[in-house]
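Scroll down for the structure; my scribbles are underneath it.
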Amino acid sequence: MEPWLAPFASMTDGELRDPKQLLGLARAIDPTAPAGSLAQGLFVAESVNVIQRALDAGYLPFAVLTDERWLHASEALIEGLRAANPSLPVAVVSTNEMCSITGYETTRGPLAAFHRKPLPAVAEVLAGAHRVAILEDITNYTNIGAIFRSAAALAIDAVLLTPSCHDPLYRRASRVSMGTVFQVPWTRIGSSRAWTDEGLPQLREASFATAALALRDDSLPLQAPSLKAIDKLALVLGTEGDGLASATIAHCDYTVRIPMAHGVDSLNVAAASAVAFWELRWERG
């Protein structure tokens, strides 16, 4: 197997971000490759729409692998990828070969590996923003992708992820997002699990109030007029099981709840994000 197929086959998401693993990959492809040739890492995108949005966002393609049954629908896309990288390797294989290489029983279109970009600074992402979402330690890729899709559709200006939150560029997350992870500005906030120590001062320096979505007796209802009137607001969303850390809630300016009915205590975090994004959207003049 050609070494450039490794991102689709033998390499995990973590390895695609590991400088040592990537140095090995670069040298396997070209023994004269400089040490930093893959320094930012790689990610894999799946399906025509997701790959096109990554390309439109300026990500440089690294390699393409496609089942032959997707080739006709992908021809224009592959031409665009080759225009961005004239030396782009492309493999067209049978369905059985695709399964053998990737281990996936099914794919929803071609696969393309891309070079990652350096993450922007928090201040850069917040510049000009009025509504941002903060994802604290969310580890379900489907939920991450769904939150990004809602963020794009419902006018969230940026998404900030805590250090333990999983990667939005992971194949499943970007696919569920329909490629919107390449359209909504995002970066990491904080450098440790206690992200609020660094992160909240950065938010306050940018004039953002923070609202923790949590089930507390003293929570404001989501539809409280005072919340929507806030010019710059960061909505903090927690993990699927435990919700936000108690320390995070204590340090936020507001605690907010979505009123429930019929004895239901809460929504899935992706569903809750969509409700909150819509209710607290910033009215652009």
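In segment 1-22, how many are more than 16 Å from Phe114 (Cα to Cα) and in contact (Cβ under 8 Å) with a residue 12 or more places away in the chain?
Within segment 1-22, residues that are more than 16 Å from Phe114 (Cα to Cα) and in contact (Cβ under 8 Å) with a residue 12 or more places away in the chain number 2.
On the basis of being closer than 19 Å to Tyr170 by Cβ, of a type in the set (A, V, I, L, M, F, W, C) and assigned to a loop (DSSP other than H, G, I, E, B), does Met11 make the cut?
yes
Just name the residue that is farthest from Ile156 (Cα to Cα) out of those in segment 180-203 that are touching a strand residue (DSSP E or B) at 6+ places or on another chain (Cβ under 8 Å) and surrounded by fewer than 20 Cβ atoms within 10 Å (Cβ to Cβ). I'd like the intermediate steps shown before the answer.
Within segment 180-203, the subset touching a strand residue (DSSP E or B) at 6+ places or on another chain (Cβ under 8 Å) is 184-189, 199-200, 203.
If we keep only those that are surrounded by fewer than 20 Cβ atoms within 10 Å (Cβ to Cβ) as well, we get 185, 187-188.
On the way: Pro185: 9, Thr187: 14, Arg188: 16 Å.
Here the answer is Arg188.
Would you please name the residue that is nearest to the chain's Cα centre (by Cα), looking only at residues in segment 95-132 that are among the hydroxyl-bearing types (Ser, Thr, Tyr) and either under 19 Å from Ser174 (Cβ atoms) or at pLDDT 95 or above (or both)?
Initially, segment 95-132 is screened for residues among the hydroxyl-bearing types (Ser, Thr, Tyr), giving 95, 100, 102, 104, 106-107.
Subsequent filtering for residues that are either under 19 Å from Ser174 (Cβ atoms) or at pLDDT 95 or above (or both) retains 102, 104, 106-107.
Values: Thr102: 22, Tyr104: 21, Thr106: 22, Thr107: 20 Å.
The selected residue is Thr107.
Anything in segment 35-58 that is under 19 Å from Ala6 (Cα atoms) and in a loop (DSSP other than H, G, I, E, B)? List them, or say none.
Here is the first cut: in segment 35-58, the residues under 19 Å from Ala6 (Cα atoms) are 35-47, 51.
Ala35, Gly36, Ser37, Leu38, Ala39, Gln40, Gly41, Ser47 - these are the residues of segment 35-58 that are under 19 Å from Ala6 (Cα atoms) and in a loop (DSSP other than H, G, I, E, B).
List pairs: first residue in segment 220-237 and in contact (Cβ under 8 Å) with a residue 24 or more places away in the chain and loosely packed, with under 12 Cβ neighbours inside 10 Å, second residue assigned to a strand (DSSP E or B) and of a type in the set (D, E, K, R) anywhere in the structure, Cβ distance under 7 angstrom, at least six positions apart or on different chains.
Final answer for the pair search is Pro221/Arg257.
Can you name every residue in segment 59-79 that is assigned to a helix (DSSP H, G or I) and either among the aliphatic types (A, V, I, L, M) or free of Cβ contacts under 8 Å to residues at least 24 places away in the same chain (or both)? Full working, then the answer.
Of all residues in segment 59-79, those assigned to a helix (DSSP H, G or I) come to 68-79.
The answer is Leu71, His72, Ala73, Glu75, Ala76, Leu77, Ile78, Glu79.
Can you find even one residue in segment 194-215 that is within 30 Å of Leu65 (Cα to Cα), in contact with a Ser or Thr (Cβ under 7 Å, 6 or more places away or on another chain) and of a type outside the set (A, V, I, L, M)? Don't jump to the end; show me each part of the working.
Residues of segment 194-215 within 30 Å of Leu65 (Cα to Cα): none.
No, segment 194-215 contains no residue that is within 30 Å of Leu65 (Cα to Cα), in contact with a Ser or Thr (Cβ under 7 Å, 6 or more places away or on another chain) and of a type outside the set (A, V, I, L, M).
Looking at segment 83-162, what strands (runs of 3 or more DSSP E) fall wholly within it and have at least 1 residues that are touching a residue at least 12 places away in the same chain (Cβ under 8 Å), surrounded by 23 or more Cβ atoms within 10 Å (Cβ to Cβ) and among the aliphatic types (A, V, I, L, M)?
Where strands (runs of 3 or more DSSP E) fall fully within segment 83-162 and carry at least 1 residues being touching a residue at least 12 places away in the same chain (Cβ under 8 Å), surrounded by 23 or more Cβ atoms within 10 Å (Cβ to Cβ) and among the aliphatic types (A, V, I, L, M), they are 111-115, 131-135, 158-161.
If you go through segment 178-202 one residue at a time, how many are in contact (Cβ under 8 Å) with a residue 60 or more places away in the chain and part of a loop (DSSP other than H, G, I, E, B)? Before the answer, list the steps.
Keep residues of segment 178-202 that are in contact (Cβ under 8 Å) with a residue 60 or more places away in the chain, which gives 178-180, 182-183, 185-189, 199, 202.
If we keep only those that are part of a loop (DSSP other than H, G, I, E, B) too, we end up with 178-179, 183, 185, 189.
Going through segment 178-202 one residue at a time, the tally reaches 5.
The values are calculated or read from the model by the stated rules, or taken from the named source; none is laboratory data. Here the structure is a predicted model, which is why all the values come from computation and not from measurement. Because the Cβ atoms are built from the backbone with ideal geometry, glycine has one as well, and the counts that use them run over all protein chains shown.
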